[in-house]
Amino acid sequence: MGDVAGIVALSLVMKAPVWFLIQHIDIVGGSSGYHRAMLINDFIYHFPDWWLMGTAENARWGFNMWDLCNQYVSEGQLGGLATFVCFIAMICMCYSKIGTARKAVEGDREKEWYFWLLGAALFTHTVAFFGD
């Protein structure tokens with residue numbers, strides 16, 4: 001709930017939409033953060049174009065918009081809203097199952113560590129999907 005409140009607060013004080021925070025993340029130098037933010041922006045703006053069955057016309061949305069460097073956007077553009085929702089649901093279910101399994105092995109340090117590492121790997125993928 002705190003994350004949602006934080007996003008809402010950022011939306012109120014930022015000049016650009018929240019997803020433009022991606023633009024400011026530059027880990028290795030020469031990052032294409034602006035392109036990634038614009039890709040998400042165009043993805044949201046062109047919702048009517050892709051929601052039903054996806055689209056192959058995303059290259060017409062702007063400069064270099066043919067480059068699907070974001071897995072979340074890629075899922076929506078290639079498969080539509082149902083595919084996008086299923087992708088998000090699959091990630092959420094994975095977190096839920098890892099959490100349930102972690103609680104089930106309470107007290108066994110080796111298994112707790114295993115499930116913690118599995119959760120860390122899932123989190124790494126979740127973040128990496130923004131810059132696929």
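The values are calculated or read from the model by the stated rules, or taken from the named source; none is laboratory data. The shown structure was predicted, so the numbers you read here are calculated from the model rather than taken from an experiment. Don't worry about glycine lacking a Cβ; one is built from the backbone with ideal geometry, like all the others, and counts go over all protein chains shown. Surface areas here come from the heavy atoms of the whole protein model, side chains and all, with no ligands, DNA or RNA. Shrake-Rupley method; radii C 1.70, N 1.55, O 1.52, S 1.80 Å.
Geometric descriptor of the stretch 1-79, per residue, is 120 Å³ (volume of the convex hull of the Cα atoms).
State the percentage of accessible surface on the chain attributable to carbon and sulfur atoms; use a 1.4 Å probe and exclude ligands, DNA and RNA. Walk me through the numbers before you get to the answer.
Working: 6240 of 9150 Å².
Carbon plus sulfur share of accessible area: 68 percent.
Calculated over the stretch 77-117, the projected area of the Cα convex hull averaged across directions stands at 3.2 nm². Over all pairs of different C-alpha atoms, the stretch 57-125 has a mean inverse distance whose reciprocal, the Kirkwood radius, equals 14.2 Å. With the gyration tensor restricted to C-alpha atoms of the chain, the semi-axes of the equivalent ellipsoid amount to 31, 19, 15 Å, longest first.
Run the numbers on the chain and let me know its relative contact order in percent, using alpha-carbon pairs under 8 Å that are six or more apart.
Numbers: 115 pairs, mean separation 24.3, N = 132.
Relative contact order comes out at 18 percent.
For the peptides 15-23, 73-81, the ranking by mean Cβ contacts within 10 Å, running from highest to lowest, is 73-81, 15-23. The long axis of helix 33-45 is offset from the longest Cα principal axis of the chain by roughly 80 degrees.
Heavy atoms of the protein chains alone define the surface here; on that basis the chain has 69 Å² accessible area per residue at 1.4 Å probe size.
Helix 109-128 and the longest principal axis of the C-alpha atoms of the chain enclose an angle of approximately 0°. Mind checking the angle between helix 81-104 and the chain's longest principal axis? C-alpha axes, 0 to 90 degrees, to the nearest 10. Long axis of 81-104 versus the principal axis of the chain: about 20 degrees.
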